[in-house]
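The structure appears below as structure tokens.
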Amino acid sequence: MAVVPRPSCSGYSLLEVVLVMGMSTLIVGGMALALQSQERAYRAQGSGHEELQSVDLAVSQLQRDLQLAGAGLPPGTLPAVAPGPGNGKSVLTIRYLTDDPFVTRLTAPATDQSRLFRISPKAISRFRKGDQVLVHNDGAWLAFRVADVQSRSRPGLRPASDILSSAGGAPFRLAFPQGSEVVRLRDAEVQYVLARGEAWDGRLVRRQGTQEAVIAVNVQDLIVDYLVVPPDGVGQQWAPTPSEDRAVLGIRVRLAVGRTAVRFTVTPRNILRESLS
């Protein structure tokens with residue numbers, strides 16, 4: 001009798017297939033989680049590195065500007081370092097001239113109420129609308145912004161209605177004689193502005209003249225304190241806002257970018273406030 005061979009029934013059962021698929025899913029899932037964890041760690045490391053770079057750049061620029069505070073300005077004139085105004089923003093104003101500014105002289109006497117500061121026709125082309133100008137003579141000074149430059153019959157600088165500052169910070173009727181120095185302060189004022197919101201989103205912006213640059217992003221805080229001499233002249237103290245009768249001896253800054261915070265202190269080399277004896 002002939003024997004008919006039957007096909008082999010060996011193979012994987014449904015249970016085995018399910019178990020293998022489950023184990024494969026677990027292995028692949030574990031590998032994916034490990035890769036994701038490594039990617040998150042890499043991104044966090046990269047983000048931390050970017051924060052450190054951003055902080056280093058901002059701190060270097062701030063230190064440089066604060067050390068130059070007052071350089072090139074006539075002694076006893078504009079405050080080299082000034083806080084504010086705030087208006088919802090953190091603002092630090094630093095004034096200095098790294099290069100020799102353009103200087104001319106009054107060709108006629110003027111006062112803080114003058115509608116026109118007369119200067120030489122040859123000097124008119126060196127000024128433009130919006131320039132900040134310093135007039136000083138024998139310890140008295142006046143700062144204003146140019147509203148208009150007049151170059152025809154009576155060449156001169158027409159000041160804006162808001163006089164920025166004057167000797168002693170009080171209203172006065174001081175006459176500046178013919179020959180008083182007129183200094184163009186273009187690009188002398190450096191401002192660091194930090195504002196949060198849709199338009200800024202924690203950017204620290206450095207402004208000088210017509211130039212504006214973002215030097216740090218994701219900035220949380222910019223806190224500035226001033227080392228001053230107390231009114232009684234004994235010891236020193238930190239104050240958020242210096243008063244006119246106190247000498248600024250140093251500036252303490254706290255800059256926080258993301259999760260990184262840096263504190264540093266700078267002693268300006270050319271602070272222009274009068275030292276108290």
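Values in this text are rule-based calculations from the coordinates and carry no lab data. No experiment lies behind these values; they were computed from the predicted model shown. Reconstructed Cβ throughout: ideal geometry from the backbone, glycine too, with neighbour counts over all protein chains shown.
Quick one: what are the phi-derived ³J(HN,Hα) couplings along the stretch 222-231, Karplus 6.51/-1.76/1.60 with θ = phi - 60°, whole Hz, x for glycine and proline?
Once rounded to whole Hz, the list reads 9, 10, 10, 10, 10, 7, 10, 8, x, x.
Calculate the FRET efficiency for residue 238 and residue 99 from the Cβ-Cβ distance with a Förster distance of 30 Å, rounded to the nearest 0.05.
Once rounded, the FRET efficiency stands at 0.35.
In what sequence, highest mean first, do 138-147, 100-109 appear when ranked by Cβ atoms within 10 angstrom? Let's see the in-between values first.
Working: 138-147: 17.5, 100-109: 15.2.
Ranking the peptides 138-147, 100-109 by packing returns 138-147, 100-109.
Could you tell me the center-to-center distance, by alpha carbons, between the stretch 88-134 and the stretch 135-156 in angstrom?
Result: 6 Å between the Cα centres.
Calculate one ³J(HN,Hα) per residue across the stretch 137-143 by plugging θ = phi - 60° into the Karplus curve 6.51 cos²θ - 1.76 cosθ + 1.60, and present them in order as whole Hz with x for glycine and proline.
6, 6, x, 9, 8, 8, 10
How far apart, in nm, are the 7 Å Cα→Cβ label points at residue 261 and residue 211?
3.2 nm
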